[in-house]
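First the structure, in the form of structure tokens, and then the observations on it.
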Amino acid sequence: MSVMEKLAKTTSSPGASPTVHILDKNKVLFRVSFAETSSGWLVFDSLPGFKKGMAIWRYKPWNAWTKPVPVSSPGQLPDWDVQFFYWQCRDGIYGAALPLCDKGYRTTLGSHDGKFGAFAESYADNAQKKDIALLVVGFDSNPYRLFESIYREGMRVIGQSENLVSRKTFPEALDYLGWCSFNALDMGKNLDERNIVRAVESFSNSGVPFRWIIVEDGYEDRTGDMLNSFRADTVRFPSGFAAMNRKLKEQFGLRDIGIWHAFNGYWNGINPDSELGRTFEDELFSWKQKPRPTDDDSVTMAEYFFVRPDSKALEEFYMSRMSRHKREGFSFVKVDNQLVTERMARNNYPIGYLSRRMHEALNRAVFRYFGGAMINCMDMTAEAYQYFGSSPVARCVEDYFPYENGGRGYELEKGGAAAHLLMALYNNLYFSQMVFTDMDMFESYNPDGRMHAIVRAANNGPVYLTDKPDLVRKDVILPLCCSDGKLLRPSTPLLPTQDCLFAGQKPEVFKAFSQNRNSALLLLFNMSDSDLVRGSYSVSDIPSFSDGMYVIYDYFAGAAREASAREIASVELCRMDYKLLHMIPQEAVCTPIGLTDKYNSPGAIVSFRHTDRYAKVIVCDYGCFAAYSNRRPSQVEVDGVPQDFTYENRLICTDIAATDIRRDHCIKIYF
């Protein structure tokens with residue numbers, strides 16, 4: 001069946017003329033031209049053979065984040081603002097639709113008159129109206145291959161091929177464990193030089209290897225929510241940042257320090273009556289919005305200002321800011337509020353044009369001064385993420401909410417660990433095609449802190465906490481990283497398994513997987529509002545593991561067993577319970593598991609080789625080493641020295657003594 005036979009006849013809005021372009025046997029591109037209007041729909045009469053679907057929808061009021069919405073028919077989609085939609089047909093084939101930003105227009109998916117469709121809008125009448133790339137639709141028997149290929153084609157069509165994670169490098173600054181000031185210092189209320197220094201000193205003294213920090217929102221020279229200058233508030237930071245940053249690095253061993261700022265200067269732009277406003281006074285444009293997106297209709301709209309996207313001053317704005325931060329000793333940035341162009345664009349500029357110009361100018365500055373080291377944030381809207389360019393890291397889920405401040409329960413939009421992590425895993429399906437995903441900070445002492453920790457350890461993005469110094473739980477934190485704070489990041493993102501792609505919050509075991517070079521992590525959760533869930537798992541839950549024998553290591557049980565790829569095991573999980581399993585192809589003499597005091601135990605393995613007589617394993621740090629074997633070894637050496645070991649239940653275990661500086665260690669196991 002051809003790709004077009006899998007799609008029904010389309011209907012467009014009055015004044016909109018669609019065209020169809022076959023990309024290959026499995027994918028099709030829809031374009032549209034508008035006569036006069038600056039918006040319009042393309043509607044599909046049906047999706048033939050549709051069985052079930054999952055919409056990834058951008059929800060209100062902030063319009064910054066997405067969540068999964070299961071649907072049993074295409075007409076059940078939210079009315080608009082779906083960022084990604086995938087479904088399964090009755091014949092088992094998967095379909096997916098990717099809306100595009102092109103020529104100033106932004107397209108989202110939704111339902112129109114009870115039918116699935118795509119809605120394109122420019123937000124201004126001065127957009128080009130001809131031959132706009134609207135969406136790509138594709139089909140495949142393998143959903144992961146489908147998602148990857150549809151993003152590859154979509155980014156190519158709109159001229160954004162650099163915006164694929166396969167073409168990006170993870171920033172070295174973020175390859176270590178980090179800390180963010182935001183929740184730790186009461187959402188910026190207690191952010192100042194004294195409290196930053198005290199926190200870092202406390203972490204250093206306690207042996208928690210944070211190697212970078214972010215100075216979050218709260219430091220700015222501002223009037224209300226408008227930026228006055230690039231300087232820090234002189235009351236909170238009387239010495240400025242440069243002296244503080246030198247102290248943090250020289251006395252407490254921080255490698256890197258990052259700084260937060262908003263995409264448009266500050267939350268509501270630039271204060272026109274300030275030093276910054278006067279610098280750019282001839283280059284500003286204005287827009288109107290409520291002071292906060294959560295304000296009700298009784299609140300009067302206010303006028304705000306930022307640098308025009310068609311002005312050379314836009315690049316000057318970002319270059320000046322990044323240059324100053326570089327001189328102050330910062331080495332990366334976190335850029336928030338990227339959804340704001342939706343409000344800025346209306347009746348001013350086509351939304352895609354405004355967003356693209358701002359992202360391009362920002363990226364040039366960040367790459368010039370920080371080598372591209374940036375965390376994009378509040379960005380889960382197409383006009384932001386489709387213009388990430390070469391920027392490699394972005395948040396993929398809404399804010400972490402501390403347990404005592406309402407971060408509990410199962411409401412997806414502001415829930416506890418289960419809700420937060422479930423959203424992150426579904427969002428990873430599309431966001432990880434473009435960037436290394438950031439699941440936000442968390443607290444080690446949250447009642448579900450370890451659940452937060454293992455999900456981040458099993459993902460391939462940054463990991464950072466927002467602990468208050470006197471509440472740190474080292475038993476939750478230290479397994480995340482090496483002794484020097486270096487993360488043990490897997491090589492792939494953490495994704496729902498194929499049989500969980502449509503599960504949502506159903507009362508059943510939820511599974512997610514990621515992979516190292518030669519092993520995989522399989523996480524099992526009770527993510528639902530249920531006291532007990534049942535399910536099953538197998539090695540074949542990992543898409544690339546289909547044949548042969550494997551060793552399954554249960555991290556929290558400290559036990560290992562052999563299993564074939566197709567062997568199915570049953571599992572029960574109580575409320576908020578979880579398991580962390582490592583799947584490792586079985587080797588002939590012994591199978592190295594790695595450092596079992598790290599969540600990603602096999603991630604610590606640098607190399608492995610064996611003969612009939614011995615096995616040689618290189619690991620990247622000291623700690624508790626384990627390997628699985630059906631034979632008791634005659635001797636174990638660490639760095640050439642015979643070492644005591646245990647052999648119980650086919651596990652060979654030995655301790656590698658701590659060293660002052662992290663280095664590789666060689667374990668030889670003789671038989």
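The values are calculated or read from the model by the stated rules, or taken from the named source; none is laboratory data. Treat the numbers as computed from the prediction; the structure is a model and nothing was measured. So basically every Cβ, Gly included, is an ideal-geometry build from the backbone, and we count neighbours across all protein chains shown. Side chains included, ligands, DNA and RNA excluded: accessible areas come from the protein's heavy atoms. Shrake-Rupley method; radii C 1.70, N 1.55, O 1.52, S 1.80 Å.
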Checklist entry - Can you name the strands (runs of 3 or more DSSP E) wholly within the stretch 548-589 that have at least 2 residues being in contact (Cβ under 8 Å) with a residue 24 or more places away in the chain, under 25 Å from the mean Cα position of the chain (by Cα) and under 23 Å from Met451 (Cα atoms)? => result 578-585
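Which members of the stretch 24-49 meet the condition of being hydrophobic (A, V, I, L, M, F, W, C), open to solvent by 20 Å² or more (accessible area, probe 1.4 Å) and either over 15 Å from His112 (Cα atoms) or free of Cβ contacts under 8 Å to residues at least 60 places away in the same chain (or both)?
Within the stretch 24-49, just Ala35 meets the criteria.
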Checklist entry - Taking Asn446 and the conditions (1) under 16 Å from the mean Cα position of the chain (by Cα); (2) closer than 17 Å to Leu471 by Cβ, which numbered condition does it fall short on, given that it satisfies the others? => result (1)
Checklist entry - For Val606, are the conditions met, namely being among the β-branched types (Val, Ile, Thr), closer than 19 Å to His665 by Cβ and in contact with a Pro (Cβ under 6 Å, 6 or more places away or on another chain)? => result no
Checklist entry - What is the residue count in the stretch 155-197 for residues that are open to solvent by 30 Å² or more (accessible area, probe 1.4 Å), assigned to a helix (DSSP H, G or I) and either acidic (Asp, Glu) or touching a helix residue (DSSP H, G or I) at 6+ places or on another chain (Cβ under 7 Å) (or both)? => result 2
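Take the stretch 616-635 and flag every residue that is farther than 25 Å from Cys481 by Cα and either part of a strand (DSSP E or B) or of a type in the set (Lys, Arg) (or both).
Arg631, Arg632, Gln635
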Checklist entry - Is the stretch 138-148 home to any residue that is within 18 Å of Asp438 (Cβ to Cβ) and surrounded by 22 or more Cβ atoms within 10 Å (Cβ to Cβ)? => result no
Item to check | Residue that is farthest from the chain's Cα centre (by Cα), among those in the stretch 590-617 that are of a type in the set (Ser, Thr, Tyr), surrounded by 17 or more Cβ atoms within 10 Å (Cβ to Cβ) and within 30 Å of His452 (Cα to Cα) | outcome: Thr591
Checklist entry - Scanning the stretch 638-665 for residues that are open to solvent by 60 Å² or more (accessible area, probe 1.4 Å) and in a strand (DSSP E or B), which turns out farthest from Ala563 (Cα to Cα)? => result Val641
Checklist outcome for this item: Taking the stretch 401-432 and keeping residues more than 24 Å from Asp499 (Cβ to Cβ) and open to solvent by less than 10 Å² (accessible area, probe 1.4 Å) leaves Pro402, Gly407, Gly416
Checklist entry - In the stretch 91-112, what residues are crowded, with 24+ Cβ neighbours inside 10 Å and basic (Lys, Arg)? => result Arg106
Next on the checklist: Condition first: without any contact (Cβ under 8 Å) to a residue 24 or more places away in the chain and among the acidic types (Asp, Glu). Can you find one or more residues in the stretch 410-420 that meet it?
Outcome noted: yes
Item to check | Cβ pairs under 7 Å, 6+ apart, first in the stretch 262-273 and in contact (Cβ under 8 Å) with a residue 12 or more places away in the chain and surrounded by fewer than 24 Cβ atoms within 10 Å (Cβ to Cβ), second assigned to a loop (DSSP other than H, G, I, E, B) and not aromatic (Phe, Trp, Tyr) | outcome: Ala262/Asn337; Trp267/Asp225; Trp267/Asn337
Next on the checklist: If a residue must be over 19 Å from Asn518 (Cβ atoms) and of a type in the set (D, E, K, R), how many such residues does the stretch 610-624 contain?
Outcome noted: 2
Checklist entry - Considering the stretch 205-220 alone, what residues qualify as being open to solvent by 40 Å² or more (accessible area, probe 1.4 Å) and out of contact with any strand residue (DSSP E or B) (no Cβ under 8 Å at 6 or more places or on another chain)? => result Asn205, Ser206, Gly207
Checklist entry - Restricting the stretch 463-482 to residues that are touching a residue at least 40 places away in the same chain (Cβ under 8 Å) and open to solvent by 40 Å² or more (accessible area, probe 1.4 Å), which is farthest from the chain's Cα centre (by Cα)? => result Asp470
Item to check | From the options Asp499, Asp554, residue that is modelled with pLDDT of 95 or more, among the acidic types (Asp, Glu) and open to solvent by 70 Å² or more (accessible area, probe 1.4 Å) | outcome: Asp499
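Assigned to a helix (DSSP H, G or I), under 17 Å from the mean Cα position of the chain (by Cα) and surrounded by 24 or more Cβ atoms within 10 Å (Cβ to Cβ): does that describe Ala394?
No.
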Item to check | Residues of the stretch 221-243 satisfying the condition of being free of Cβ contacts under 8 Å to residues at least 60 places away in the same chain and open to solvent by less than 10 Å² (accessible area, probe 1.4 Å) | outcome: Leu227, Ser229, Phe237
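Taking the stretch 44-68, which residues are among the hydroxyl-bearing types (Ser, Thr, Tyr) and farther than 21 Å from Lys9 by Cα?
Across the stretch 44-68, the qualifying residues are Tyr59, Thr66.
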Checklist entry - Pick from the stretch 321-350 the residues that are polar (S, T, N, Q) and under 19 Å from Val215 (Cα atoms): which of them is surrounded by the most Cβ atoms within 10 Å (Cβ to Cβ)? => result Gln338
